[in-house]
Amino acid sequence: MRWSETVAAQCRWSESVEPVLTRLLGGEFDVLWEESEVDYQGSATVLVARGDMLAEYGWSYGSCSGCDGWEDEPAEKVTAEIESGVGLFNRAGARTYQYMLRRAGKTGKAAAIDVWLASKAVR
């Protein structure tokens, strides 16, 4: 699925998250899994991949400075925090992460990694 087709793309701060993921993965990526809610406050978590790299990022947001820590922050700080929070995995690391997800009962996300690992048509 493309970023523009996700609920996460509609969430606050998505316009800061997408370019970081694009840069870290070296280009346009596919969204393998997401758990997101869009409202005046909410959260989003995405599992994305490009080629042999997998990335995961999650964030929460609010509607004012009292409930959104990034509200009054400069764009550079927001970008730096996003960059430092992204989990990046090669295929071997993804297998280890997948094992941990299964042990934690997060089977939907683990299944998305299964499909990606089995894929021959990765970009």
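Summary table below
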{"item": "Options Gly51, Gly58, Gly62; residue that is closer than 20 Å to Gln10 by Cβ, surrounded by 11 or more Cβ atoms within 10 Å (Cβ to Cβ) and over 15 Å from the mean Cα position of the chain (by Cα)", "result": "Gly62"}
{"item": "Subset of region 15-42 that is modelled with pLDDT under 95 and not charged (D, E, K, R) - its residue that is nearest to Gly87 (Cα to Cα)", "result": "Gly42"}
{"item": "Qualifying residue in region 66-75 (condition: touching a residue at least 40 places away in the same chain (Cβ under 8 Å) and either buried (at least 18 other Cβ atoms within 10 Å of the Cβ) or of a type in the set (D, E, K, R) (or both))", "result": "yes"}
{"item": "Hits in region 2-21 - residues which are at positive phi and either without any contact (Cβ under 8 Å) to a residue 60 or more places away in the chain or under 10 Å from the mean Cα position of the chain (by Cα) (or both)", "result": "none"}
{"item": "Qualifying residue in region 22-41 (condition: under 15 Å from the mean Cα position of the chain (by Cα), assigned to a helix (DSSP H, G or I) and buried (at least 17 other Cβ atoms within 10 Å of the Cβ))", "result": "yes"}
{"item": "Criterion violated by Pro19 - all others in (1) buried (at least 18 other Cβ atoms within 10 Å of the Cβ); (2) of a type outside the set (D, E, K, R); (3) in a helix (DSSP H, G or I) satisfied", "result": "(1)"}
{"item": "Test: residue in region 79-87 that is more than 13 Å from Leu24 (Cβ to Cβ), in contact with a Phe, Trp or Tyr (Cβ under 8 Å, 6 or more places away or on another chain), in contact (Cβ under 8 Å) with a residue 12 or more places away in the chain and surrounded by fewer than 18 Cβ atoms within 10 Å (Cβ to Cβ)", "result": "no"}
{"item": "Output for region 71-92, where each listed residue is among the β-branched types (Val, Ile, Thr) and touching a Ser or Thr at 6+ places or on another chain (Cβ under 8 Å)", "result": "Val78, Thr79, Ile82"}
{"item": "Residue selected from region 88-116 under the condition assigned to a helix (DSSP H, G or I) and of a type in the set (Lys, Arg), by the criterion surrounded by the fewest Cβ atoms within 10 Å (Cβ to Cβ)", "result": "Arg103"}
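The values are calculated or read from the model by the stated rules, or taken from the named source; none is laboratory data. Just so we're clear, the structure is a prediction, and the values are computed from it rather than from any experiment. So basically every Cβ, Gly included, is an ideal-geometry build from the backbone, and we count neighbours across all protein chains shown.
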